[in-house]
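Colleague: Would you mind keeping the following structure in view while I ask a few things?
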Amino acid sequence: MAGRGEIVAIGSELTSGLVAEGNAAAVARKLLEAGLEVSAITCVGDEPAAIEDALTRALSRSAFVVVTGGLGPTDDDLTTQVAAAALGRELIFDPEFLSHVENFFRSQDIRVSRDMRKLARIPEGAYFLDPEGQTCGYYLEQDGKLIFFLPGVPAEAGRLAAEKVLPLLMESLPDLAVVRRRTLRIFGLEEFDISELVETVRRRDVGFSFLPVFPAHLLILMAKGAEANEVEARLAEVAAEVRRRLGESVYGEGEESLEAVVGRLLRERGQRLAVAESCTGGLTSHMLTEVAGSSDYFERGLVTYSNRAKVELLGVPEDIIERFGAVSSECAALMAQGIRERAGADYGLSVTGIAGPAGGSAEKPVGTVWFGLASAQGVATRQKRFRGTRPDIKLQAAWTALDFLRRQA
């Protein structure tokens with residue numbers, strides 16, 4: 001049981017499916033990085049009996065418990081009251097903490113209501129995790145085990161887990177194994193292809209986990225042991241071999257996004273990019289500008305959705321569109337050339353296709369998309385056929401456009 005804990009996520013919005021659970025995931029990642037394993041994550045609604053049952057079960061079989069959600073000021077935030085009753089403790093009011101919370105709300109021009117007093121009530125014997133901060137959250141010890149109660153906001157729960165929960169757990173749970181992980185980000189291969197390619201790389205002392213994050217995939221490598229250097233060396237060896245097997249399909253590692261990778265490559269080379277989009281409606285440019293500092297390399301983006309826009313803004317000849325269609329290699333090439341020349345950029349990138357659900361034909365079905373990339377070396381084009389809904393096709397097309405640039409640049 002040493003080092004193995006449980007997380008209980010509370011909120012009817014989670015069990016109803018209205019909101020995707022993110023608190024437990026944020027906390028679990030922080031715990032795992034420190035060598036603390038999570039054996040179970042339980043989601044329960046805002047019902048006293050369900051909360052009490054989940055807390056009691058977790059406490060009976062784990063070395064520690066982390067509870068997220070239900071600490072707010074509204075009537076359906078029941079975690080603290082139920083926990084106090086289940087653990088046989090009175091609720092204690094802390095006026096000093098309430099003062100900190102009220103001052104923070106006033107500084108943010110948020111109205112302070114009487115309901116805020118609820119945030120300053122915690123079970124007897126508990127301690128606020130951030131007593132001089134503005135975030136509710138506390139911990140206590142029950143039967144020799146630590147129980148942490150965190151707010152139901154992933155950013156706050158993750159921060160408190162890293163800054164407050166981990167130090168307390170590391171102190172109370174000695175002799176923990178060193179756990180390390182590396183995340184490889186992959187685009188352009190299906191999961192079964194990835195699995196086949198890395199099959200012979202697998203080894204018993206390194207765990208492999210596949211996680212689809214449409215339209216990409218993550219391959220998470222994890223290892224544990226007594227010495228950090230040995231564990232990290234083992235992971236590095238396996239990661240290097242996986243990269244060799246998968247080649248350019250591995251676009252990044254860790255938390256780095258595809259658009260950030262593309263931006264970094266352009267910045268390192270002092271190059272600038274311009275984009276002309278049709279079926280993606282500006283999504284490619286949006287992805288690029290999600291990266292802070294993208295003005296260093298992103299010159300401009302045009303949404304040339306109609307044929308007229310392609311002619312007037314990019315200089316695509318009308319007869320080319322009439323002969324080959326707007327969704328064609330010829331049109332994609334001229335769009336890329338046109339935007340590069342007009343922007344004076346190093347690269348011109350274009351996307352033109354049929355996102356559906358209508359507009360396809362036997363020759364060019366829905367999901368057909370052409371890409372163009374113009375540079376000083378000439379123009380390259382490629383075609384892809386995507387499946388899925390209209391948003392799915394647009395997202396895959398935007399990703400493929402950026403990946404096309406990454407591989408060709």
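A short reminder: the numbers here are calculations on the coordinates, not readings from a lab. Note that the structure is a prediction, hence the values are computed from the model and not measured. Positions of Cβ are backbone-derived with ideal geometry, glycine not excepted, and every protein chain shown enters the neighbour counts.
Colleague: Within a Cβ distance under 14 Å of L189, other residues only, what is the Lys/Arg minus Asp/Glu net charge? Mind showing how you got there, number by number?
Modeller: Working: positive: R185, R243, R245, K384, R407; negative: E190, E191, D193, E196, E199, E248, D403.
Net of charged neighbours comes to -2.
Colleague: Can you give the FRET efficiency to the nearest 0.05 for R308 and S257, using r as the Cβ-Cβ distance and R₀ = 45 Å?
Modeller: Working: r = 34 Å, r/R0 = 0.76.
Computed FRET efficiency for R308 and S257: 0.85.
Colleague: Please give the contour-minus-distance gain from D109 to L168: 0.36 nm per residue of separation, less the Cα-Cα distance, rounded to one decimal in nm. Kindly include the intermediate steps, with their values, before the conclusion.
Modeller: Details: separation 59, 0.36 × 59 = 21.24 nm, distance 3.39 nm.
Between D109 and L168, full extension yields an extra 17.9 nm.
Colleague: Then there is this: Distance from a point 7 Å along Cα→Cβ of E33 to each backbone N in the range 147-162: keep the residues under 16 Å and list them by number.
Modeller: From the range 147-162, the list is 154-162.
Colleague: So what are the ³J(HN,Hα) numbers for the range 179-190, from phi and the Karplus equation (6.51, -1.76, 1.60; θ = phi - 60°), rounded to whole Hz, Gly and Pro as x?
Modeller: 3J(HN,Hα) across the range 179-190, in whole Hz: 10, 10, 9, 9, 10, 9, 9, 10, 9, x, 10, 7.
Colleague: Given R₀ = 51 Å, what would the calculated FRET efficiency be for E341 paired with E90, taking r from the Cβ atoms and rounding to 0.05?
Modeller: 0.10
Colleague: Can you compute the charge dipole magnitude of the range 178-253 about its Cα centre, using +1 on each Lys and Arg Cβ and -1 on each Asp and Glu Cβ, nothing else charged? Give it in debye, rounded to the nearest 20. If you can, show how the numbers build up before the last one.
Modeller: Numbers: 12 positive and 13 negative charges, 46 e Å.
Roughly 220 debye for the range 178-253.
Colleague: Once phi is turned into ³J(HN,Hα) by the Karplus curve 6.51 cos²θ - 1.76 cosθ + 1.60 with θ = phi - 60°, what whole-Hz value does each residue of the range 68-83 show in order, with x for glycine and proline?
Modeller: 10, x, x, 9, x, x, 7, 5, 8, 8, 10, 4, 5, 4, 5, 4
Colleague: Using Cα pairs under 8 angstrom and six or more residues apart, how large is the relative contact order of the range 178-253, in percent? Intermediate results must be reported in sequence, preceding the final value.
Modeller: Details: 118 pairs, mean separation 35.7, N = 76.
Answer for the range 178-253 is 47 percent.
Colleague: Same structure again: Given [x] 70, 44, 41; [y] 81, 54, 42; [z] 77, 68, 39 as candidate values of Cα extents along the principal axes in Å, which corresponds to the one derived from the coordinates?
Modeller: [y]
Colleague: How far apart, in nm, are the 7 Å Cα→Cβ label points at A49 and F324?
Modeller: With each label placed 7 Å out from Cα toward Cβ, I get 6.9 nm.
Colleague: How far apart, in nanometres, would the label points at E132 and F214 be if each is projected 7 angstrom from Cα along the Cα-to-Cβ direction?
Modeller: 4.8 nm
Colleague: Quick check: residue separation of D392 and T74 times 0.36 nm, minus the Cα distance between them. What number comes out in nm? Could the numbers behind the result be given before it?
Modeller: Details: separation 318, 0.36 × 318 = 114.48 nm, distance 3.77 nm.
The D392-T74 span can extend by a further 110.7 nm.
Colleague: Would you kindly derive the ³J(HN,Hα) couplings of the range 32-47 from the backbone phi angles with the Karplus curve 6.51 cos²θ - 1.76 cosθ + 1.60 (θ = phi - 60°), listing them in order in whole Hz, with x for Gly and Pro?
Modeller: Once rounded to whole Hz, the list reads 4, 4, 9, x, 9, 8, 10, 7, 7, 10, 10, 10, 9, x, 7, 10.
Colleague: Let me ask something else. Counting only helical runs of four or more DSSP H residues, what would the 222 nm mean residue ellipticity of the chain come to if each run contributes -39,500 (n - 2.57) and the total is spread over all its residues? Please list the in-between numbers first.
Modeller: Details: 15 runs with 159 residues, N = 409.
Here the helix-only value at 222 nm equals -11500 deg cm²/dmol.
Colleague: Right, here's the next one. How much length, in nm to one decimal, is gained on full extension between R264 and L176, taken as 0.36 nm per residue of separation minus their Cα-Cα distance? Spell out each step's value before the answer.
Modeller: Values: separation 88, 0.36 × 88 = 31.68 nm, distance 3.72 nm.
Fully extending the segment from R264 to L176 adds 28.0 nm.
Colleague: Relative contact order (percent) for the range 183-324, with alpha-carbon contacts under 8 angstrom and 6 or more residues of separation? Don't skip to the end; give the middle numbers.
Modeller: Values: 160 pairs, mean separation 28.3, N = 142.
Value for the range 183-324: 20 percent.
Colleague: Next question, about the same structure. Using only alpha carbon pairs under 8 Å that are at least six residues apart, calculate the relative contact order of the chain and give it in whole percent. Could you put the intermediate results ahead of the total?
Modeller: Working: 780 pairs, mean separation 43.4, N = 409.
About 11 percent, as a whole number.
Colleague: Still on this structure, I have one more. Between R203 and A362, what FRET efficiency follows from the Cβ-Cβ distance if R0 is 45 Å, with the result rounded to 0.05? Kindly include the intermediate steps, with their values, before the conclusion.
Modeller: Numbers: r = 49 Å, r/R0 = 1.08.
The computed FRET efficiency comes out at 0.40.
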